[in-house]
1. Given (1) within 14 Å of chain B (Cβ to nearest Cβ); (2) touching a residue at least 40 places away in the same chain (Cβ under 8 Å); (3) surrounded by fewer than 23 Cβ atoms within 10 Å (Cβ to Cβ), where does A:VAL162 come up short, assuming only one miss?
2. When the residues of the stretch B:158-171 are filtered to those that are surrounded by 20 or more Cβ atoms within 10 Å (Cβ to Cβ) and assigned to a helix (DSSP H, G or I), which remaining residue is nearest to the other protein chains (Cβ to nearest Cβ)?
3. How many residues does the stretch B:185-222 contain that are at the interface with chain A (Cβ under 7 Å from one of its Cβ atoms) and touching a helix residue (DSSP H, G or I) at 6+ places or on another chain (Cβ under 9 Å)?
4. Name the one entry in B:ALA202, B:ALA232, B:ALA236 that is over 22 Å from B:LEU120 (Cβ atoms) and among the hydrophobic types (A, V, I, L, M, F, W, C).
5. For the stretch A:26-68: of the residues being among the polar types (S, T, N, Q) and part of a helix (DSSP H, G or I), which is farthest from A:GLU79 (Cα to Cα)?
6. Identify all residues within the stretch A:143-155 that are charged (D, E, K, R) and within 11 Å of another protein chain (Cβ to nearest Cβ); write none if there are none.
7. With the structure loaded, tell me whether B:SER209 is closer than 26 Å to B:LEU255 by Cα and touching a residue at least 60 places away in the same chain (Cβ under 8 Å) or whether it fails that test.
Amino acid sequence: MKSTFATLPQVAHREPVRIRLRQCARTFAGRQGQHTALHPLDLAVEPGETLVLLGPSGCGKTTTLRIISGLEQPDAGGEVWFGDEQVTHLPIEKRDVGMVFQNYALFPNMNVAANIGYGLKIRGYSAEVIRQRTGEMVDMVHLQGLEQRAIHELSGGQKQRVALARAMAVQPRVLLFDEPLAALDAKLRDRLRIDIGQLLRQLGITAVYVTHDQAEAMALGDRIAVMEKGRIAQLGTPQQIYHQPATAFVADFIGTVNRFAILGRGQGSLQVTGGGLPSDYQGDASLLYCRPEDVRICTDDEPVAVRGRVIQRFFLGQSQRLLVDTGAAEPLQVDSSSRQHWQVGDAISLSVPADALFAITGNQTQPHAGEKAESAAGSST
Amino acid sequence: MSTSLSVRSAGVMHWRFVLQLIFTLAVCAFMIVPVLMSVLAGLTENYLVGLSSGLTTRWIAEVWGLYADSIWLSIYLALACLGCTLLLGVPAAYGLLKCRKRWAAIIEELLLMPVAIPGLATALALLLAYGQFHGFRGSWLFILVGHVLFTLPFMIRPVLAVMQAIDVVRLEEAASSLGAGAIQRFFTVILPNCTSGILAGALMVITLSVGEFNITWMLHTPLTKTLPVGLADSYASMRLEIGSAYTLIFLLMILPLLTLIQWFGQWAARRASRSVQ
């Protein structure tokens, strides 16, 4: 899809910078003693890369972003580096970052143009430069004609565009996003997500993007760090995260997974509840996983298959999701073409291609997935 | 049949309305008549004789001659009090916003103390603590201290409410991410966005300071009499007409302020509901 943002080469004239966190932890003193929001964390964001911090609320992703921005200080011993410069003790106003907030945080006492030009004005640019750069920014985020509007006259999407333009007007070293689309409705969110993605690619600026939305993370991230309970559970490309999740938590958080308990091993097949799967898996994992879209519906005379009964059917438009009871503790989730007519109660045979089955090596005891996740945290490429 | 029903219910409505109107008017009369009597007394030649003695502005002039100093002192005092509460109250509201919930609650309670306990007690405490500093005790600054104690929460509360409503902390974070230091943030973002709360607080402070009697009566000296103290003085020692004329002057000063407070309250509410959208 074509971006609605026009190209703006001037914004990106700066050399992109690498962000490094070394042993950054964050502990808050609460009423019930110490609360660890972030365990000691090492993280590098490559120059020009977009890194998405993804996780449920309270996983430490926002704390990490705030430490990078300078709004929060890491506990003693932690270091934040922008390129060759250590910025750990610089307050945010001296770090030269651009930040986009969830609730826009636009200044209600200023109009659109004044909001966008605020950072330039603070930096002491002449009125002429401010006017010109603000104009360029307004063009870039397609807000022409709205320059003199008051903030309360804008829609949510327009507000977030102003916030984006305001953050970029000062040509920051890095761009930071704190759930910028969370307050928008689904349609607008998709639109703006595409636009932000295009813009980040064009600018080639180092960016860190916090979200709890996995679709957003996959669409925008060059790499994704999935966080859980103050630690990085897995760091990798969207493909790695999706197809080779390091922990059960990551597999569950990114999309949907089916679980097969291995009951026995035959010649080129595995015995599971409800039948068998063609696989020559030799590892020692007792659970194998697959994605719903990888489950194949096969004919009843297929020799090795899992057999079950459709217990629920969700029509999704481009596909349909079937819940199939195979006698296992949880039903299998199967995506199939939405043109196939399945009824609740129908008998169904399923198979999974051998290469779509994966084991999770990191840790399989789900409730404590985060406890041993550190070993998997360094598996970046 | 349905029409007769609606006519009957309209009749019931009508009667209910009339009864409510009578009740409301009666309550209003109960409260307004004494004020009107007082105003009339201030304009009557001889109140004992009644209106037949004729109307005059003589008493007003006489009050002005006797108490102009008190009136001016009250105005200066109110403005000085406003200055103090602005300088103390706006930063205090900001501090309360930033500090932890539990501490903020305790501090707010303490700030409300001078409003909750009788003014006489506050004044007595001030006299016990500072009464021996004669220069201070004899000056209008002593009364100013009492007024600031009493009015400070009325500045802090509306400012704090506005700060919470517009999420000043987030705005400040945005400003600092754009490179603004603490002082720049205060003057370009915090202050301009809190004006509605500051105005509401300012009008409240002026009104309360002009009308404050309890604390002032204890703290004043013959040379530092304020408007309400002068009023008590005139009622106690002068003709009724002079006291009443005094009330009239007081009303003329305070009514525009009250109207402004109302007007700003509505204006601030409109503004707040707009910025939330």
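The values are calculated or read from the model by the stated rules, or taken from the named source; none is laboratory data. For clarity, every value in this text was computed on a predicted model and none was experimentally measured. All Cβ positions, even for glycine, are placed from backbone atoms using ideal geometry, and neighbour counts span all protein chains on display.
1. With respect to (1) within 14 Å of chain B (Cβ to nearest Cβ); (2) touching a residue at least 40 places away in the same chain (Cβ under 8 Å); (3) surrounded by fewer than 23 Cβ atoms within 10 Å (Cβ to Cβ), A:VAL162 is out only on (3).
2. B:LEU171
3. 2
4. Only one candidate passes the filter, namely B:ALA202.
5. The initial filter retains those residues of the stretch A:26-68 that are among the polar types (S, T, N, Q), namely A:27, A:32, A:34, A:36, A:50, A:57, A:62-64.
Still in the list and also part of a helix (DSSP H, G or I): A:62-64.
Details: A:THR62: 17, A:THR63: 14, A:THR64: 12 Å.
My answer is A:THR62.
6. The answer is A:GLU153, and nothing else.
7. When the stated conditions are applied, B:SER209 passes them.
Matching residues to (1) away from chain B (no Cβ under 13 Å); (2) more than 23 Å from A:LEU54 (Cβ to Cβ); (3) out of contact with any helix residue (DSSP H, G or I) (no Cβ under 8 Å at 6 or more places or on another chain):
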position	(1), (2), (3)
A:GLU136	yes, yes, no
A:MET140	yes, yes, no
A:GLY157	yes, no, no
A:ARG166	no, yes, no
A:ALA169	no, yes, no
A:LEU188	yes, no, no
A:ILE194	yes, no, no
A:GLY204	yes, no, no
